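As structure tokens, the structure follows; a few thoughts come after it.
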Amino acid sequence: MSEPASPRRAIVAEGVGTFLLVAIGPGAAMVAAKTGAVTHLGVALAFGAIVTIVVASTGHLSGAHINPAVTLGFWSIRRFPARLVPGYLTAQCVGAALAAFGLRWILGPVGKLGATIPALSLERSFAVEAVCSALLGFVIAAVATDERVPAGIAAMAIGTTVFAGALVAGPLTGGSFNPARSLGPALAGGGWTAHWLYWVAPIGGVTGGMQLYGRLGRRPGSPVSAGVATGGP
């Protein structure tokens, strides 16, 4: 089970990392709505790039979960201590909310503040979010818990996964895969359409993806080694 050396600093790092994720990701969507200078591809790249940057810069401090689903997923596979879960979740949600309110102050109520709103039926939107979240959880478990994965690949692998998911799922569901990322714009903009979906699907998907990797990645007679927990969107 991986635990940060300084829990207090780790919790602060989680808040900062999630703040940056929401400031840049939904921020790019808001800039696109306000100026037309950013395309959908650009928004997806912004999400992937900021996740790569945050994982690379804070992974050694907190694991760079920056996502309640990732924290709960690691806890479910016994890679993260239960006593730190409430602090991590609180920091992630507070960081996301501060970023969303800051974006509203800077740019105004444009682009629905980058909110995640289903463009499909609830069942199909749930499936899209759950599957993309499961892919994210699978990748994170691979690069964060298996010593056979080359060192230094985590940030790029996770950021690329977020980019791919945002590129495909963005027009369909908003491409959240992260309850805090959806919570921030909802709080700042008052849009709660199907908000439950952006908690249940990512948490279930990430947890399922991590559990699946735990079964596929384990060598016969040998458990997957504990590595540094490193995060996602």
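Take segment 127-148 and flag every residue that is within 16 Å of the chain's Cα centre (by Cα) and open to solvent by 50 Å² or more (accessible area, probe 1.4 Å).
VAL131, LEU135, PHE138
With the requirement that a residue be open to solvent by less than 30 Å² (accessible area, probe 1.4 Å) and among the hydrophobic types (A, V, I, L, M, F, W, C), what does segment 149-169 give you?
Across segment 149-169, the qualifying residues are ALA154, ALA155, ALA157, ILE158, VAL162, ALA166, ALA169.
Look through VAL22, VAL38, VAL55, VAL31 and report the one residue that is open to solvent by less than 30 Å² (accessible area, probe 1.4 Å), more than 19 Å from VAL94 (Cβ to Cβ), aliphatic (A, V, I, L, M) and out of contact with any His (no Cβ under 7 Å at 6 or more places or on another chain).
None of the others qualify; the one that does is VAL55.
Kindly provide the set of residues from segment 94-118 that are open to solvent by less than 30 Å² (accessible area, probe 1.4 Å) and over 24 Å from HIS40 (Cα atoms), ordered by number.
The one that is open to solvent by less than 30 Å² (accessible area, probe 1.4 Å) and over 24 Å from HIS40 (Cα atoms): GLY95.
Which of the residues that make up segment 63-84 are among the charged types (D, E, K, R) and either part of a loop (DSSP other than H, G, I, E, B) or in contact (Cβ under 8 Å) with a residue 40 or more places away in the chain (or both)?
ARG78, ARG79
Looking at (1) among the small types (Gly, Ala, Ser); (2) outside any helix (DSSP H, G or I); (3) under 24 Å from TYR198 (Cβ atoms), which is the only condition ALA169 fails?
(2)
What single numbered condition from (1) buried (at least 19 other Cβ atoms within 10 Å of the Cβ); (2) among the polar types (S, T, N, Q); (3) under 22 Å from ARG79 (Cα atoms) fails to hold for GLN211?
(1)
For segment 105-126, name all the residues that are touching a residue at least 12 places away in the same chain (Cβ under 8 Å), at negative phi and among the aliphatic types (A, V, I, L, M).
LEU107, VAL110, ALA115, ILE117, ALA119, LEU120, LEU122
Only one of ALA82, ALA46, ALA64, ALA144 is out of contact with any Leu (no Cβ under 8 Å at 6 or more places or on another chain) and at positive phi; which?
ALA64
Those residues that are of a type outside the set (Lys, Arg), out of contact with any Pro (no Cβ under 9 Å at 6 or more places or on another chain) and over 14 Å from VAL51 (Cα atoms), I need them from segment 9-28; list them, please.
Scanning segment 9-28 gives a single hit, VAL12.
The values are calculated or read from the model by the stated rules, or taken from the named source; none is laboratory data. Because the structure is predicted, anything quoted here is derived from the model rather than measured. All Cβ positions, even for glycine, are placed from backbone atoms using ideal geometry, and neighbour counts span all protein chains on display. Calculation scope for accessible area: heavy atoms of the full protein, side chains included, ligands and nucleic acids excluded. Shrake-Rupley method; radii C 1.70, N 1.55, O 1.52, S 1.80 Å.
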